[in-house]
Every structure is written in C-alpha cells, then in structure tokens.
Amino acid sequence: MSTNAELAIQERQALIEEIKSKADERYRSKKFETAIEIKDLVIDYGETLAVDNANITIKKGELVTLLGPSGCGKTTTLNAIAGLLTPTSGQILFEGVDVTKATPQDRKIGLVFQNYALYPHLNVYDNIAFPLTNDKVWKTKMMEKSLYAKHQANSLVFAQNGASKEELKEYDNYIFNYFDVYKQVNLNITNLKSNLYKKLNELKAKLDLIPLYKQTEIKRESHVGLKNLKDRRLEKKQYKKELAKLKKLESSEKVEQLKEKYTNLLQETKNKKAQIHSQYKENLLIIKDKYIKQKDFLKNLIKEEKLSIKNSEEFNELKINKQNFKKLYKFTKMQYRNFEKELIAKYSLKLDNLDEKQLEEHKKLLSENISIKKAIEKYVVNVAQRVEITKNLHKKPTKLSGGQQQRVAIARGIVREPKILLMDEPLSNLDAKLRVQTRQWIRGIQKELGITTVFVTHDQEEAMSISDKIVCMSFGKIQQIGSPIELYNKPANEFVAKFLGIPEMTIFTAKVENNEISVNDIHLKSLDNSELTEIRVGIRGEHLHETEEGKFVSKIKSIEYLGKEIFAKVEVENIGVFNIFLRNKLSYEIGEEVRFNIPENKIHLFDVQTKERLEL
C-alpha cells in the first residue's frame, strides 16, 4: 500500500474516532434532554393567526394534552409537531434536534387520528403492518438489530474458540462505528442545515404570506365601502317611510320639504357612491403598491441571505459532512466485514467448544437474526396482543365495533415503537361509556410503554383524567400550562377558570373598599394594602355552601337531577346567575328560594381589566 493511501486511511480513522466520540456523548446526554421543545411557534394563515408564539416543553414519557375550544389552534399545533404543516416561524425540537423542516417519516412519530383512517380493503393485520412496510428508518433499525444479534452470536463462538478480550472489544467497536458514525454525520447535517437556513426559511415563509395579507387587506377595504353604501341605503328607506306617512297626515308644504330633502339625499348618495368607489380604487392601488414593494424587499433579502449562506464556513462544513456521509458509511461497513472475516479465518465459527447453556444462548441470539418480513410479523402480533385485538387480525375494519377500530388505530400508531405518539381527539367518535373505558386503557398502555404522548381534545373532563400536563389554549395563544390540579385550583385567568370544571366557575364583579371585598353589602374577603376599587370574584359550584342562614338569597332558574347530585342555576339580585349543587333536600322547584354562603378560602380573584389571576 502506498504512503498516500495509508495516510488517507489514518485520517479517515481519526475522523471516525472523533465522530464516534461525539455520538457517544450524545447518547449519554440523551436522558437529560426534553422529548419535545416548541420555541416561539407561529402559524399564520393571513386572515387568521392560528398559533401565536407558542412555547411548550414536554419531558420524556409525559402525556401532555392540548386543550381548548374549536379553533383555538390545538390541532394546528399537533400537525406542526407531526410535520403535516410547516410553521411560519419558530422551531420544533425532538431531543434537542431541530425537526422543523423534517418530513413526518423522519420524525419517528406515531399518529392516531379522530376518524381512525383505517384502510377498509385491508384486514386488521395489514392495517397495523402498513406503517412498517413503508418506513425505511424502521427497516434500517430492524436490519441493524438483526445484524447485532448475529454479531453477539459470533462473539460468543469467537470467545470460546480462543479470541482475546481485546479482539472482541475491537470487533464490538467496528460494529458500533458502522451503526453510529453515519447517524452522527447525518445529525450534524441536520443541525447545520437548521442553523444555516433558519433565517432564509423565515424570509421565504414571509414571502409566501404576502398574497394572503394582500387579499385580506383588499377584502377589508371592500367591506368598509360596502358598509358605507349599506348605511346610505338604510337612510333612503327611512326617508321613504317618513314621506309615505306625511302624504297621509301632513300638509303639502311639509311633503314638498321632505321631497326636496330626499332629492338632496339621492344626490349626496350618488356623490358618496362615486367618492367611495374612487377612494376604493385609490386604496386598492396603494395596497397593491405596498405589497409589491414588500415582495421586492423580501426577494432582495432572500438573495442576500443565499449569498451569505454560500460564503459562510457552515456551508463548507455542510458540504464536507455530506461528502463524508456515504464515504464513512461504506468505509465503516467494510472495516467491520473485513475484521469479521479475519476472526472467522483465525478462530472459525464452529460450535464444538460451546457447552449446552452457551449453545442455547447462541440459538436464541440467532433466532433474533430475522428478515424484515419476519420482523413485521413479530411486531404486529406483539402489538395486537398488547391492545387485545389478536382474535380480530383477520377481520376487515367494517366488521369491528368503534372501540375495536380505535384499538387498531392505536396499534398502528405504536407498532413502530415511536418515541412520540400524537393523538388528535381519538375518542370523539365513541359513546360516553366507551370513551371512559378507552381513555383509561390509553393511559395504562402509555404508562406501560413510556411513550411521550401529545393528546388533543376539547373535552376538559377527558384532559383532567388522562394528563400529566395540560396546555390550555384559546385564539391561538397558550393561556396556561400545568398539571390538571394546578389549572383547576389556580387558573391563570378567567378563560382557564371557566373552561376547566363542570359546571363552569361563576365569576362576578365586587367592590373593594378599605381593603375589604364585598358585594350587595356582604363581606367576602379582606386584602392587604390594595389600591383596587373593583375586583372579579370566582367561585366553583361545588364550593358554594347551601344553608338556611346563608347571606346570599337566590331564586332557582333551572334544575338538573343528575342521580347522586342536583345541579341548579340560581339568580342573586344585583349579582347574576350562580352554578350550584343543592344538597339539603331530595327535590326543588323552579322559583324556590335558596340561601347559600361563599367560603372565603375557596374564592378566586381576577383583575377587572386584564382578567388575569390575582394573588392577594
């Protein structure tokens, strides 16, 4: 071998050792990293801001629920995590790796949709197996797992046939280099791309939004003009009505005056219409010109950014990493195969020196060295047993109940052993009893597998019962993040206070005088050195204390008999309607008087202007 060739191999070996060292460090630090981190996420559709600067951190193994009413941005956020849509700006990281631009296939996630999305022409087995047959990453993982089982079986034989510990350690190093080095290089490429193209991607997203912003502004301008014309038409109608009345009741002089006034109005309307039309055309040109300038400005910025990227050190580093990716993959594979051949030539793979226990272990290891087809079969059967649908593997989805179909959908979501499971309102198609059973089952299997799970629902009872953490959302903004008990006992604002809890919290405005909160001259709570004159007071229905000596006198407006409880809406004069659970009698009547007290230690206080929680 020439000196130059030897030098090249030495340099490549040094590079492999450096990359492997980084890979080992990454694996060691993985357990301290969060599963999902969402940074400053913005999803803008032009007319609506679907997600407004969301920041969420999710730990490994947590079940986090995105909770909120329809249109709050929870499913949009889930779709961004899944890679089904590209954010306008912000970052999404999985275990510290930026996946904002990664495809759903590259994110190693499981998805369970609201409508199950099962293939009706495939049986349950094929429905569950479908993600495995189309996932290159999973297939590579299985091939490596199979190869490592064979590697361990060979190591057992080599050890018994005389191989030294140093040789076996070197043998292990070669296979780990083969498995880890190209992955670390790929990770380097991902991180470099993320940092290098972050600003460029944001500029491109802004450029893509220009037509939407322009259309929205034009539509808004059009609505203003139409409203002005509508107001004029209403004014004309009013004059016509007055004129008809005067013709019947008043003198001809007044009729003539009104006619003259009406004629003037018609002329004014005509002039106004022309003016509005002229103003609209003028404003339209201004809007179009504004967005043409914005478009040109962004295009120039994009050109400058592309030039800056090409001239950067990171770009050269990216090119080098891309070149290294294939070379090092082939090189580490070749090194491993060559060293294995040397060991086989030196020690052979004969099993003569293995005792009965070692032969059993060798057989077990080789049984794990299976084809992709066998691996798929193994994984499908295992997950079917886990979700208790083994007896239905041969059936088509149409032959299953709603609960069984949901289990098939979940099995399909977890069959790849994803690091992250995303569930978009998976229980909404089930009846009430089955929903309760299935959510308990989902919680159990999530804990058993330890899969980090993001669960979307609008049902606050579902969120409270299943979650480690709740992210409460409204109008694209995160209102509060915390455990179910934190959100229930210490809501951050009036929205969270009303959205969580059945029935919703009653909130009313009270006076503050001399640091005393009161309503209807009834004392509620004392404050320390407060400058407030008014405050919002919240109380949950279950905390209201019904008693014959109660200070608050109310009348029943509606009653619901819920079996073990009686729920009612009662009205207190000058305050409003309270939600309350009545417990003093077996039955009540509409209009009946009910007296109750508000316990001081159970009230929640909110600012009158901001609606935010106050700790006073």
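The values are calculated or read from the model by the stated rules, or taken from the named source; none is laboratory data. Being a predicted model, the structure only gives us computed values, none of them experimental. Backbone-built Cβ (ideal geometry, glycine too); neighbour counts: all protein chains shown.
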Hits in region 379-413 (condition: assigned to a loop (DSSP other than H, G, I, E, B), of a type in the set (A, V, I, L, M, F, W, C) and touching a Leu at 6+ places or on another chain (Cβ under 9 Å)): Ile389, Leu400
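Could we say that Asn316 is more than 24 Å from Ile19 (Cβ to Cβ), free of Cβ contacts under 8 Å to residues at least 40 places away in the same chain and part of a helix (DSSP H, G or I) here?
no
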Residue match in region 37-57 (condition: modelled with pLDDT of 90 or more and in contact with a Phe, Trp or Tyr (Cβ under 9 Å, 6 or more places away or on another chain)): yes
Single match in Tyr291, Tyr336, Tyr280 (criterion: closer than 30 Å to Ala163 by Cβ, hydroxyl-bearing (Ser, Thr, Tyr) and surrounded by 14 or more Cβ atoms within 10 Å (Cβ to Cβ)): Tyr336
Verdict on Phe508 being outside the structural domain of Gly68 (by TED's automatic domain parsing), touching a residue at least 24 places away in the same chain (Cβ under 8 Å), closer than 27 Å to Leu67 by Cβ and assigned to a strand (DSSP E or B): yes
Hey, Asn338 among the polar types (S, T, N, Q) and part of a helix (DSSP H, G or I) or not: yes
Lys150 vs. criteria of a type in the set (Lys, Arg) and either surrounded by fewer than 19 Cβ atoms within 10 Å (Cβ to Cβ) or at pLDDT below 90 (or both): yes
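Find the residue count for region 65-82, including only residues that are in a loop (DSSP other than H, G, I, E, B) and surrounded by fewer than 21 Cβ atoms within 10 Å (Cβ to Cβ).
In the first step, residues of region 65-82 are kept if they are in a loop (DSSP other than H, G, I, E, B); the result is 68-73.
Now drop any that are not surrounded by fewer than 21 Cβ atoms within 10 Å (Cβ to Cβ), which leaves 69-71.
Within region 65-82, residues that are in a loop (DSSP other than H, G, I, E, B) and surrounded by fewer than 21 Cβ atoms within 10 Å (Cβ to Cβ) number 3.
I'd like the residue in region 568-604 that is aromatic (Phe, Trp, Tyr) and more than 20 Å from Leu500 (Cβ to Cβ) and, out of all such residues, is modelled with the lowest pLDDT.
Result: Tyr588.
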Flag if Ile344 is modelled with pLDDT of 90 or more, touching a Ser or Thr at 6+ places or on another chain (Cβ under 7 Å) and assigned to a helix (DSSP H, G or I): no
Which listed residue is under 30 Å from Asp424 (Cα atoms), in contact (Cβ under 8 Å) with a residue 40 or more places away in the chain, of a type in the set (S, T, N, Q) and surrounded by 15 or more Cβ atoms within 10 Å (Cβ to Cβ), from Ser467, Ser530: Ser467
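Taking region 350-359 only, how many residues are exposed (fewer than 12 other Cβ atoms within 10 Å of the Cβ) and under 27 Å from Phe179 (Cα atoms)?
Taking region 350-359 as the starting set, the residues that turn out to be exposed (fewer than 12 other Cβ atoms within 10 Å of the Cβ) are 350, 352, 355-357.
Next, only the ones that are under 27 Å from Phe179 (Cα atoms) stay: 350.
Residues meeting the conditions: 1.
Output the residue which, of all residues in region 107-128 that are more than 17 Å from the chain's Cα centre (by Cα), of a type outside the set (S, T, N, Q) and surrounded by 14 or more Cβ atoms within 10 Å (Cβ to Cβ), is modelled with the lowest pLDDT. Don't jump to the end; show me each part of the working.
Here is the first cut: in region 107-128, the residues more than 17 Å from the chain's Cα centre (by Cα) are 115-128.
After this cut, where a residue has to be of a type outside the set (S, T, N, Q) as well, the list is 116-122, 124-126, 128.
Next, from what is left, pick out any that are surrounded by 14 or more Cβ atoms within 10 Å (Cβ to Cβ): 116, 118, 122, 124-126, 128.
Values: Tyr116: 78, Leu118: 89, Leu122: 93, Val124: 94, Tyr125: 95, Asp126: 94, Ile128: 93.
Among residues in region 107-128 that are more than 17 Å from the chain's Cα centre (by Cα), of a type outside the set (S, T, N, Q) and surrounded by 14 or more Cβ atoms within 10 Å (Cβ to Cβ), the one modelled with the lowest pLDDT is Tyr116.
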Where Ala54 falls short, out of the listed (1) surrounded by fewer than 16 Cβ atoms within 10 Å (Cβ to Cβ); (2) assigned to a strand (DSSP E or B): (1)
Residue within region 447-464 that is out of contact with any Cys (no Cβ under 6 Å at 6 or more places or on another chain), among the β-branched types (Val, Ile, Thr) and farther than 25 Å from Ile36 by Cβ present: no
Cross-chain or 6+ apart pairs with Cβ under 6 Å, region 201-221 first and touching a residue at least 24 places away in the same chain (Cβ under 8 Å), then assigned to a helix (DSSP H, G or I) and of a type in the set (Lys, Arg): Ile210/Lys295
Restricting region 375-392 to residues that are surrounded by fewer than 14 Cβ atoms within 10 Å (Cβ to Cβ) and of a type in the set (Lys, Arg), the residue that is nearest to Ala409 (Cα to Cα): Lys391
Any hit, region 23-35, residues being farther than 20 Å from Asn186 by Cα and either surrounded by 15 or more Cβ atoms within 10 Å (Cβ to Cβ) or at pLDDT 85 or above (or both): yes
Pairs where the first residue, in region 423-435, is on the phi > 0 side of the Ramachandran plot and the second is buried (at least 19 other Cβ atoms within 10 Å of the Cβ), C-beta under 6 Å, 6+ apart: Glu425/Val456; Glu425/Thr457
Neighbours by Cβ (under 7 Å, 6+ apart or cross-chain): first from region 25-44, in the same structural domain as Thr77 (by TED's automatic domain parsing) and among the hydroxyl-bearing types (Ser, Thr, Tyr); second outside any strand (DSSP E or B) and modelled with pLDDT of 90 or more: Thr34/Lys59
Residue list for region 426-475, filter: aromatic (Phe, Trp, Tyr) and either touching a strand residue (DSSP E or B) at 6+ places or on another chain (Cβ under 9 Å) or under 16 Å from Gly501 (Cα atoms) (or both): Phe455, Phe475
